1. For Phe221, put the label point 7 Å out on the Cα→Cβ axis and report which residues of segment 20-57 keep their amide N under 17 Å from it.
2. If one computes the Cα centroid of segment 25-51 and of segment 178-211, what distance in Å separates the two points?
3. At a Cα cut-off below 21 Å, give the lysines reachable from Lys34, other chains included and same-chain residues fewer than 8 away excluded.
4. Thinking of segment 68-129 as a set of Cα atoms, what percent of all their pairs are more than 14 Å apart?
5. Which value, in Å², gives the accessible area per residue of the chain when a 1.4 Å probe is used on the protein heavy atoms?
6. For the pair Asp198 and Val13, how long in nm is the line joining their label points, each one 7 Å along Cα→Cβ?
7. Round to a whole number: what % of the accessible area of the chain belongs to carbon and sulfur, probe 1.4 Å?
8. Which of Pro51, Pro183, Pro67 ends up with the largest GNM mean-square fluctuation for the chain, with Cα atoms connected below 10 Å?
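The values are calculated or read from the model by the stated rules, or taken from the named source; none is laboratory data. Keep in mind it's a predicted model, so treat the numbers as computed, not measured. Because the Cβ atoms are built from the backbone with ideal geometry, glycine has one as well, and the counts that use them run over all protein chains shown. Side chains included, ligands, DNA and RNA excluded: accessible areas come from the protein's heavy atoms. Shrake-Rupley method; radii C 1.70, N 1.55, O 1.52, S 1.80 Å.
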Amino acid sequence: RKVHGEDAWLSRVLSPTSVLDAVLDGVSTAQGRKASMHVKAKLEHASISNPEDVIKALEEANGELFPYGSMTTIAATLKINDRLHIFNAGDSLVYLFRDGSTKELAISDRDPYSRAGITNCMGSQNYVCHQNEIALERNDKIVLVTDGVIDNLIMRENKNNPGGKLFQNNELYEKAIKHAKMPQDAVANLTKLMDKKDTDYTGYVFGRFKNDDATALIRFF
């Protein structure tokens, strides 16, 4: 869903057993579209064969953004064989759906006690790229999302537990992912669900629907 045009996404096949996925959400008050598109282009053209290559590309992009005050969040995954490497900065996140359970694989850099916004992103002075790694299992489902999706569909119970979040109301899984046979079905379900939330003017974080750029990249293994 495009509102401000500051989201960007990338899905790049690197080899028959390796793929790089990413979603980005540019900061509206800091040349967000320029930032998200710049980092996307960097990841599109960088030589990537391992996690260190991703970190290097992101660090270079961050250095190029910082002098201009241009900022963006990022959530990215690098699949190499049966390992999934996770990278994020900001409040764009990565979720694992496995055997009916949900786990947040990224660390949210949003202050849970303030509406001031995120506390870390690319292009900022305090930029830190969080990293994680898991072993993939058959039938795992991975979703990368920007806050335009998260704020309307997911209520988090424990915001300060990086080992895994608890979920009170997980509409993303229950109504979009759970019964989907293919990722294309999940995308269609999610689009329908977001449209309904918009029509009903309902959401979680702000107590109403948040009309924002919303990007989701869904992959079934």
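1. 20-22, 50-51
2. 26
3. Lys2, Lys42, Lys56
4. Distances greater than 14 Å cover 61 percent of the Cα pairs.
5. Per residue, the chain has 48 Å² of solvent-accessible surface.
6. 3.1
7. Roughly 49 percent of what the probe reaches on the chain is carbon or sulfur.
8. Pro67
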